[in-house]
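Engineer: Right, I'll just put the structure down here and ask away after.
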Amino acid sequence: MQLKDKVAIVTGSTRGIGKEIALEFARRGAKVVVSGRNAERAEAVCAEIKTPGGSAIAVAGDVSRMADAQQLIERAIEQFGQIDVLVNNAGITRDNLLIRMKEEEWDEVLAINLKGAFNCIKSVTRQMMKQRSGRIINITSVVGQIGNAGQANYAASKAGIIGLTKSVARELASRNITCNAVAPGFIETDMTGALDEKVRESLQAQIPLGRLGSVSDVARAAAFLAGDEAAYITGQVINVDGGMVMGG
Amino acid sequence: MALEEKVKEIIVEKLGVAADKVKEDAHFIEDLGADSLDTVELVMAFEEEFGVEIPDEDAQEITTVKAAINYLRKKMDQAD
């Protein structure tokens, strides 16, 4: 029970990678705050954690709004009295070639993926500073490191997350708060399930390990960063991508 | 305890400095060795001790012992 009694907030945990992070943390003994825009789905994930005896609450909200982010943090403190881990996972895609990309498509992706992380970090900082401990884990993407045609907005938001991660790591290190990022490659989720067979095949050819990753591959890396074993790691980007991106 | 003494006590505790160094004209960063995060934490401590909310714009002006005392005195008077 590597995360026993740690309180963890996971944004965007109603499905995909975020949901698996919430479930994995709960399996390791964490008390989890499940969050997403869809209240019903958040409650469902919460129930999935509580059924086998886990501890969780669901807080519905949109992290791109500062007020919602603040409320998420407040509810977590109200319920559990502390916050040990914040996982900024909430993210969306609005893919389009740049030349066709609408301003709204750009703004919406940046608002949720990047500003959402800022909003949650800003809101949780006071509590973690008081505690003199905390772990912030941001979910970025290989796309933020190498780019991707048709995803200028998504790639920019994910590259932004990396700069945010390193700055926060420097700012809060003296208060024993670490901040790291996990960069998944191509993972089997609804997001990548929408790709057609040809695209999948060409993707697979770029992955040294020769297969797409699973959500639990990512969740286990996040759990490692949340645990005591990762106490001396901060400002890092851990790639979970089957070897797609190496070095840097 | 008078407001002035309470403010000084918080500064001594939060910044880990000797009480006799906390003179009215002492600057948190230049004279008392605080870093920028320390000043944020000081303001947080004032907020909690005196039960007031200090907006970021105001917080940036609170850079000396005297500024803190004057600001909180004004804030407490308004609250009465």
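The values are calculated or read from the model by the stated rules, or taken from the named source; none is laboratory data. All of these numbers come straight from a predicted model, not from anything done at the bench. Glycine gets a Cβ as well: all are built from the backbone with ideal geometry, and neighbour counts include every protein chain shown. Keep in mind that these areas ignore ligands, DNA and RNA; they rest on the heavy atoms of the full protein, side chains included. Shrake-Rupley method; radii C 1.70, N 1.55, O 1.52, S 1.80 Å.
Engineer: Restrict the search to the range B:1-39; then list the trypsin sites (Lys or Arg not before Pro) that DSSP places in a loop and that have at most 15 other Cβ atoms within 10 Å of their Cβ.
Structural biologist: B:23
Engineer: Take every Cα pair under 8 Å in chain A that's 6+ residues apart, average their separations, divide by the length, and report that relative contact order as a whole percent.
Structural biologist: Relative contact order, chain A: 19 percent.
Engineer: Additional query: If you average the alpha carbon positions of the range A:58-130 and of the range A:145-211, how far apart do those two centres end up, in angstrom?
Structural biologist: 17
Engineer: Roughly to the nearest percent, how much of the accessible area of the range A:104-248 is carbon and sulfur, given a 1.4 Å probe?
Structural biologist: 53
Engineer: Normalised by the empirical 2.2 N^0.38 Å for globular proteins, what value does the Cα Rg of the range A:96-197 take?
Structural biologist: On the way: Rg = 15.5 Å, N = 102, 2.2 N^0.38 = 12.8 Å.
It is 1.21.
Engineer: Moving on to the next point. Where only protein heavy atoms count, and the probe is 1.4 Å, what is the accessible area per residue for the range A:132-248 in Å²?
Structural biologist: With the other protein chains kept in place, the range A:132-248 gives 46 Å² per residue.
Engineer: Further question: Quick check: the angle from helix B:36-50's long axis to the longest principal axis of chain B, C-alpha only, nearest 10 degrees?
Structural biologist: Compared with the principal axis, the helix lies near 40 degrees.
Engineer: A further question on this structure: Once the mean 1/r over all distinct Cα pairs of chain A is inverted, what Kirkwood radius in angstroms do you read off?
Structural biologist: In chain A this quantity evaluates to 17.9 Å.
Engineer: If you build a Gaussian network model of chain A, linking Cα atoms that sit under 10 Å apart, which residue out of A:86, A:72, A:212 swings the most?
Structural biologist: With Cα springs under 10 Å in chain A, the top fluctuation among A:86, A:72, A:212 is at A:212.
Engineer: Moving to a separate point now. Assuming R0 = 41 Å, what is the FRET efficiency of residue B:21 and residue A:50, from their Cβ-Cβ distance, to the nearest 0.05?
Structural biologist: Values: r = 53 Å, r/R0 = 1.29.
Between residue B:21 and residue A:50 the formula returns 0.20.
Engineer: Mind checking how much accessible area B and A bury in total, 1.4 Å probe, in Å² rounded to 100?
Structural biologist: On the way: alone 5130 and 11740 Å², together 16160 Å².
Chains B and A together bury roughly 700 Å² of accessible area.
Engineer: Compute the distribution of all C-alpha to C-alpha distances in the range A:51-93, in bins of 10 Å from 0, and list the percent of pairs in each, rounded to whole numbers.
Structural biologist: It works out to 23, 52, 22, 3, in whole percents.
Engineer: For the range A:1-67, what ratio Rg/Rh do Cα atoms give with a Kirkwood hydrodynamic radius?
Structural biologist: 0.96
Engineer: Shifting gears a bit: Tell me what chain A gives for mean residue ellipticity at 222 nm when only DSSP H runs of n ≥ 4 count, each as -39,500 (n - 2.57), the sum divided by the residue total, rounded to 500 deg cm²/dmol.
Structural biologist: -14000 deg cm²/dmol
Engineer: Apply the Karplus parameterisation 6.51 cos²θ - 1.76 cosθ + 1.60, with θ equal to phi minus 60°, to every residue of the range A:80-94 and state each ³J(HN,Hα) to the nearest whole Hz, in sequence, with x for glycine and proline.
Structural biologist: 10, x, 7, 9, 8, 9, 10, 10, 8, 10, 3, x, 9, 10, 9
Engineer: Something else now. Would you kindly compute the Cα radius of gyration of chain B and its largest Cα-Cα separation (Dmax), both in Å?
Structural biologist: Here Rg and the maximum Cα pair distance are 11.4, 34 Å.
Engineer: Which is farthest toward the positive dipole end of the range A:164-237 among A:225, A:189, A:208, measuring Cα position about the Cα centre, with Cβ charges +1 (Lys, Arg) and -1 (Asp, Glu)?
Structural biologist: Value: A:225.
Engineer: Which trypsin sites (Lys or Arg not before Pro) in the range A:71-109 sit in a loop by DSSP (not H, G, I, E or B) and have at most 13 other Cβ atoms within 10 Å of their own Cβ?
Structural biologist: A:102
Engineer: Report which residues of the range B:33-59 become buried by 50 Å² or more of accessible surface when going from the isolated chain to the complete set of protein chains (1.4 Å probe; DNA, RNA and ligands ignored).
Structural biologist: Buried-area filter returns B:37, B:41, B:44.
Engineer: Which positions within the range A:172-221 get 20 Å² or more of their accessible surface covered by the other protein chains, compared to the chain by itself, with a 1.4 angstrom probe?
Structural biologist: A:175
Engineer: Over chain B, what relative contact order in percent results from Cα pairs under 8 Å that are six or more residues apart?
Structural biologist: Relative contact order comes out at 34 percent.
Engineer: Looking at the P(r) of the range A:16-129, how many percent of alpha-carbon pairs lie beyond 24 Å? All intermediate terms of the calculation are to be shown ahead of the outcome.
Structural biologist: Working: 1796 of 6441 pairs.
Taking all Cα-Cα pairs of the range A:16-129, the fraction more than 24 Å apart is 28 percent.
Engineer: If you take the charge dipole of the protein assembly as shown about its Cα centre, with +1 on Lys and Arg Cβ and -1 on Asp and Glu Cβ, which of A:141, B:63, A:86 is farthest toward its positive end?
Structural biologist: A:141
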